Number of protein chains: 2
Amino acid sequence: MEEVRLIEVKEAIMSDNDAVARSLKDRLSKEKTFLINLMSSPGAGKTSLILKTLESLQNELRIGVIEADIDSMVDAEKVAAHGAAAVQLRTGGFCHLDASMVEKGLDSMDLGELDLIIIENVGNLVCPAEFDTGAIKNVMILSVPEGDDKPLKYPLMFSVCDVLLVNKMDYLHLSDFNVEAMRERVFNLNRKIEIFEVSSKTGEGIEAWTHWLKGEAASFIG
Amino acid sequence: MEEVRLIEVKEAIMSDNDAVARSLKDRLSKEKTFLINLMSSPGAGKTSLILKTLESLQNELRIGVIEADIDSMVDAEKVAAHGAAAVQLRTGGFCHLDASMVEKGLDSMDLGELDLIIIENVGNLVCPAEFDTGAIKNVMILSVPEGDDKPLKYPLMFSVCDVLLVNKMDYLHLSDFNVEAMRERVFNLNRKIEIFEVSSKTGEGIEAWTHWLKGEAASFIG
């Protein structure tokens, strides 16, 4: 029998990415710009949630958005129409963002003029969870129609996030989604996560979420 | 309305990866080592197919295997027990291999002593299709239990492969898998692809596949 050699490839890649992510965090701290990374499945409502967040906070914070979710520029144009500084990263169907991609987005923005930047990551519950984008906080959306079993199927995503937004709560009465069972599954993976139940359609819970976001941004930018 | 800036991030990443992949192909050509990249869903039978291929060709070619599919070293140990040079890349659940990861594997092998190296890529029908690993030929497995609709759902994977191995043909009589419908869907995406119907369990079709592989390796290594 031949000898088997073992080579750690993930560690090497991750340590490169982590170095870029750390330098982005330093830069954001110096520039006093709070960066959040918003992740979810396709169709969970990232863009609508961002638009609601802009409506709620744009008189209080100067906000920019880095869009990576789709091939077209539709989402970035919607965001720009709401008066936010928008950058579209054309990822051509790539499965995730890493820190060097986010760096390219930040390089094209005037950080000195922005208090908060929201990254709309690629719609995917697996790969984006693997990469530190340099964001100060990670936020995910789980929408009610996706089902309450998602924490069991995608544990890494729920483990790396600081906030879970349970979106499309207006569908709850049509659904067998069990909020308590979902909460228990999520807390088993991540005891520190903040959970907000929201609906971008009805506005339910948006104020609680934006209150949290404003507080975190204020404490980061000082 | 703010102006939207558009930044091509995928192109930049892909052009870096493509440069590494090109340099690997040059190196393989100089070293006279034929490299194939084997991709599939988890459980489609990559390891069993590799073992069958080793049995069939190991008296004719000096063969090495780069294993990336799993966290443990089980697959690499099975391969080594069959007398092949085996390297295990520990990818820790990473979603794909890129050319620089494969380069790390090749660096640890003695290419001058090997005619053929088989990469067992991460079990995933999406992300691995995005990255040129430096392999001279791309080969995928679709197993009968996965269904004949997979070309519709994962078109990129079927488009980038030179060979499709339809595995677990011994399940066909239990299944509603329509071979003709599958072939038509595949050829609509990729007119040049070679299709072999095989079963690692019964040995059906393995000779046709290894005959093709031996011919391609011979014409590459001269």
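The values are calculated or read from the model by the stated rules, or taken from the named source; none is laboratory data. In this text, all values refer to a predicted model and were calculated from it rather than measured experimentally. Using ideal geometry, Cβ is built from the backbone for each residue, glycine included, and neighbour counts are taken over all protein chains shown.
Annotations
For (1) farther than 19 Å from B:H211 by Cα; (2) surrounded by fewer than 16 Cβ atoms within 10 Å (Cβ to Cβ), each residue gets a yes or a no:
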residue: B:V160; (1), (2): yes, no
residue: B:V163; (1), (2): no, no
residue: B:V179; (1), (2): yes, yes
residue: B:M182; (1), (2): yes, no
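- Once region A:95-117 is narrowed to residues that are small (G, A, S) and under 26 Å from A:Q58 (Cβ atoms), the residue that is farthest from the chain's Cα centre (by Cα) is A:G112.
So that you can scan it fast, the table gives a plain yes or no per residue for (1) over 28 Å from B:G93 (Cβ atoms); (2) not aliphatic (A, V, I, L, M):
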residue	(1), (2)
B:N17	no, yes
B:D26	yes, yes
B:S40	no, yes
B:S48	no, yes
B:E60	yes, yes
B:I63	no, no
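- Unmet criterion (only one of (1) part of a helix (DSSP H, G or I); (2) closer than 30 Å to B:A99 by Cα; (3) touching a Lys or Arg at 6+ places or on another chain (Cβ under 7 Å)) for B:F187: (3)
- Given (1) in contact (Cβ under 8 Å) with a residue 60 or more places away in the chain; (2) closer than 17 Å to B:C95 by Cβ, index of the condition A:G93 fails: (1)
- Qualifying residue in region A:27-38 (condition: within 14 Å of another protein chain (Cβ to nearest Cβ) and either buried (at least 18 other Cβ atoms within 10 Å of the Cβ) or free of Cβ contacts under 8 Å to residues at least 40 places away in the same chain (or both)): no
- Given (1) buried (at least 20 other Cβ atoms within 10 Å of the Cβ); (2) polar (S, T, N, Q); (3) without any contact (Cβ under 8 Å) to a residue 40 or more places away in the chain, index of the condition A:N124 fails: (3)
- Within region B:131-151, being among the acidic types (D, E) and either over 18 Å from B:N37 (Cβ atoms) or in contact with a His (Cβ under 8 Å, 6 or more places away or on another chain) (or both) holds for B:E146, B:D148, B:D149.
- Among residues of region B:1-21, those that are touching a residue at least 12 places away in the same chain (Cβ under 8 Å) and either under 30 Å from B:V198 (Cβ atoms) or of a type outside the set (A, V, I, L, M, F, W, C) (or both), counted: 3
- Checked across region B:5-16, the condition of being at pLDDT below 95, in a loop (DSSP other than H, G, I, E, B) and out of contact with any helix residue (DSSP H, G or I) (no Cβ under 6 Å at 6 or more places or on another chain) holds for no residue.
- Conditions (1) farther than 20 Å from B:L116 by Cα; (2) within 17 Å of the chain's Cα centre (by Cα): number failed by B:L189: (2)
- Among the residues of region B:98-117, those identified as at the interface with chain A (Cβ under 10 Å from one of its Cβ atoms) and either of a type outside the set (S, T, Y) or closer than 16 Å to B:A218 by Cα (or both) are B:D98, B:M101, B:V102, B:E103, B:K104, B:G105, B:D107, B:M109.
A quick yes/no check of all residues on (1) touching a helix residue (DSSP H, G or I) at 6+ places or on another chain (Cβ under 9 Å); (2) under 30 Å from A:P145 (Cα atoms); (3) β-branched (V, I, T):
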| position | (1), (2), (3) |
| --- | --- |
| A:G43 | yes, yes, no |
| A:T47 | yes, yes, yes |
| A:A76 | no, yes, no |
| A:G83 | yes, no, no |
| A:G105 | yes, no, no |
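- Restricting region B:39-69 to residues that are free of Cβ contacts under 8 Å to residues at least 40 places away in the same chain and either assigned to a helix (DSSP H, G or I) or touching a Lys or Arg at 6+ places or on another chain (Cβ under 8 Å) (or both), the residue that is farthest from B:A129 (Cα to Cα) is B:E55.
- Within region B:205-214, the presence of a residue that is assigned to a strand (DSSP E or B), closer than 30 Å to B:A85 by Cα, more than 14 Å from chain A (Cβ to nearest Cβ) and in contact with a helix residue (DSSP H, G or I) (Cβ under 7 Å, 6 or more places away or on another chain) is excluded.
- Count of residues meeting criterion [at the interface with another protein chain (Cβ under 8 Å from one of its Cβ atoms) and charged (D, E, K, R)] in region B:48-97: 2
- Qualifying position, being away from chain A (no Cβ under 14 Å) and either of a type in the set (D, E, K, R) or under 17 Å from the mean Cα position of the chain (by Cα) (or both), among B:E120, B:E146, B:E130: B:E146
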